[in-house]
Amino acid sequence: MFRGIAMSKESLRDIQPSALESVDDFLRCMRDLRLWAGQPSLRRLQRLAGTARAANGDEIDALPRSTVSSVLRGRRVPRSEFVAAYVAACLRYRGSGEREIAESVEVWLTVWRRLCAMSPAVSPAMSPAASSAVPSVMAPAAFPAVSTAADESAPGGAWFGRAPSAWTPREQPPSERRPSGRTPGAAVPPQQLPAAPAALVGREFDLAVLDMQLERRGCAVPVVAVSGMPGVGKTALAVHWARQVADHFPDGQIHLDLRGSGRAPMRTEQALAVLLRALGMAEADIPADVESRMGSYRSLLAGRRVLIVLDDALDTAQIRPLLPGDSRCLAVATSRNRLSGLVARDGAHRLLLGPLDPAASRRMLIQAIGRAVDPGGARALDGIARRCMQLPLALRIAGANLADRPDQDIREYAAELERGDRMAALAIDGDESDTVPAAFDGSYRLLSPEAQRLLCTLGLAGRAEFTVESAAVIGGVGGDEARRLLNQIAAENLIEPAARGRYLLRDLTRDYARGRARTEGIGPPPALTSNA
Ligand SMILES: Nc1ncnc2c1ncn2[C@@H]1O[C@H](COP(=O)(O)OP(=O)(O)OP(=O)(O)O)[C@@H](O)[C@H]1O
Ligand SMILES: [Mg+2]
């Protein structure tokens, strides 16, 4: 919780955010800081913050007045550069010395990082290494260039949006920036990133968390794991971000589909061969055994700055041999698995991706429908989004169905989702592979038969939340066994661990589990009738 701010508080320590709970808290604390400083006008703050360099090289105000006002009135987490400039300007107004300003900026940025790293997206907080990457003195001229192009349609957009090409990771010493941008003598850099969705909807928070990984480069294990349930948008996010920051990796960007959710995940030796080829190794030179391939892979990456997207990984074991050794590289792994081993043993930073928020879900539906929606239809979209669990895959399918059936009233489709077989309604006519149940099938297959059975039974129980104890009763198993099976199901992101030892079973997954129970001939557990 932020410490409360009273106007009588004299000490700056009373204004520092000490911990955090929400973006609203953070913004409130920022407003309080201005009050504490003596309520400088926006014009004064703008002057005190100095200037920054824009993407096109122009010098611009580090803290434009209009932006300050919209950021402080808004509900979105501002960019770190904004926070640093704002805090420094308030403290300068109050007459603080540069040393105190630098320390305060450091505290605010640490809290900002924690805010970005906390639930629902990320588990561990940023490493100490990352926090030490912040320069101790944030003189305005030292601020990274500010985007003038990103997301400017929204008020204060440049401060929430991102233009990584204009943003140099601060910890990178100048000697590491090669003038040519490329490693001398390297083969033609691979540029394998596939197309991202034309317009990524939402995900500002998650993109900011990924941006922070650029700051960790050079000082930490270079891997970030994007984990989440089937169809939640892991690949879309990773590829979109990778395309945006490609400039930071002039020695190449590799995309490798590890096919973890399919029936034939890629084997390690096969994956290494593909990576070696991507890095320019001739077929005849690729060593035969896995160990030598790993050695050649790390040797080829040494001294290079390569971004490697390891998409749709099965688990930690599949990813581990493919991690670069050179901390100037960065691997972004996406997986339906929680990749806990990669976090615990390899120091990976994990981004747990949740469903979209309601506004982004509505936007995604409107985009997919691709035609004007009347006010009644627009209201029905929220219901559709809810029934799709705000899961991008489901939203895209619902949107595509509505686009294919221009005569269908949106309200009718919403009612169909509400009443009928939601899984059937979230299939695309004539496309059996790209459906919500097909996506869930891939994860379900990875569970042991006992865990599959428990998931089906929990689906039949129809509850949104349960504990180990209630799952044990519903599943007819012992407490330890229930915990083991729940961990297994949670590792595949089909249920979510929540506060106070509870687990969440989202309703789309519940529908899937119920359907699966029907297919497999699993009946309702006897415990259901005895109100477990
Ligand atoms: N934020 C977004 N904005 C626009 N489209 C999105 C977004 N997120 C996902 N999508 C679209 O939703 C669909 C599912 O997303 P994606 O394939 O990235 O999910 P995933 O989590 O990688 O799934 P899987 O677990 O099957 O690998 C794709 O068509 C993707 O383009
Ligand atoms: Mg994917």
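Looking across segment 339-358, just one residue is over 13 Å from the mean Cα position of the chain (by Cα) and within 16 Å of ligand 2 (Cβ to nearest atom), and that is Leu339. Scanning segment 233-243 for residues that are open to solvent by 10 Å² or more (accessible area, probe 1.4 Å) and over 13 Å from Ala195 (Cβ atoms), we see that the one that is nearest to ligand 2 (Cβ to nearest atom) is Lys234. When Arg298 is tested against the conditions (1) over 26 Å from Leu214 (Cβ atoms); (2) touching a Gly at 6+ places or on another chain (Cβ under 6 Å), the lone failure is (1). Which members of segment 93-105 meet the condition of being open to solvent by less than 50 Å² (accessible area, probe 1.4 Å) and farther than 14 Å from Met30 by Cα? Selection gives Ser96, Gly97, Ile101, Ala102. One residue stands out among those in segment 475-503 that are more than 29 Å from the chain's Cα centre (by Cα) and over 20 Å from Phe440 (Cβ atoms): the one that is surrounded by the most Cβ atoms within 10 Å (Cβ to Cβ), which is Ala482.
All told, Pro230 falls short of being within 16 Å of ligand 2 (Cβ to nearest atom), open to solvent by 10 Å² or more (accessible area, probe 1.4 Å) and within 30 Å of Asp507 (Cα to Cα). Restricting attention to segment 384-394 and to residues that are within 15 Å of ligand 2 (Cβ to nearest atom) and in a helix (DSSP H, G or I), the residue that is farthest from Arg203 (Cα to Cα) turns out to be Ala394.
In segment 270-280, of all residues being assigned to a helix (DSSP H, G or I) and among the small types (Gly, Ala, Ser), the one that is farthest from ligand 1 (Cβ to nearest atom) corresponds to Ala273. In segment 305-336, of all residues being within 14 Å of ligand 2 (Cβ to nearest atom) and assigned to a loop (DSSP other than H, G, I, E, B), the one that is nearest to the chain's Cα centre (by Cα) corresponds to Arg336. Scanning segment 46-60 for residues that are surrounded by 20 or more Cβ atoms within 10 Å (Cβ to Cβ) and in a strand (DSSP E or B) yields one hit, Ala52. Within segment 233-245, the set of residues being farther than 20 Å from Arg277 by Cβ and not basic (Lys, Arg) comprises Gly233, Thr235, Ala236, Leu237, Ala238, Val239, His240, Trp241, Gln244, Val245. Each residue in segment 248-269 was checked for being surrounded by fewer than 14 Cβ atoms within 10 Å (Cβ to Cβ) and not in a loop (DSSP other than H, G, I, E, B), and 0 pass.
The values are calculated or read from the model by the stated rules, or taken from the named source; none is laboratory data. On a predicted model such as this, the values are computed, not experimentally measured, just so you know. Note that we place each Cβ from the backbone using ideal geometry, even for glycine, and neighbour counts take in every protein chain shown. The protein model used for the area step is the full one, side chains on, heavy atoms only, and it has no ligands, DNA or RNA in it. Shrake-Rupley method; radii C 1.70, N 1.55, O 1.52, S 1.80 Å.
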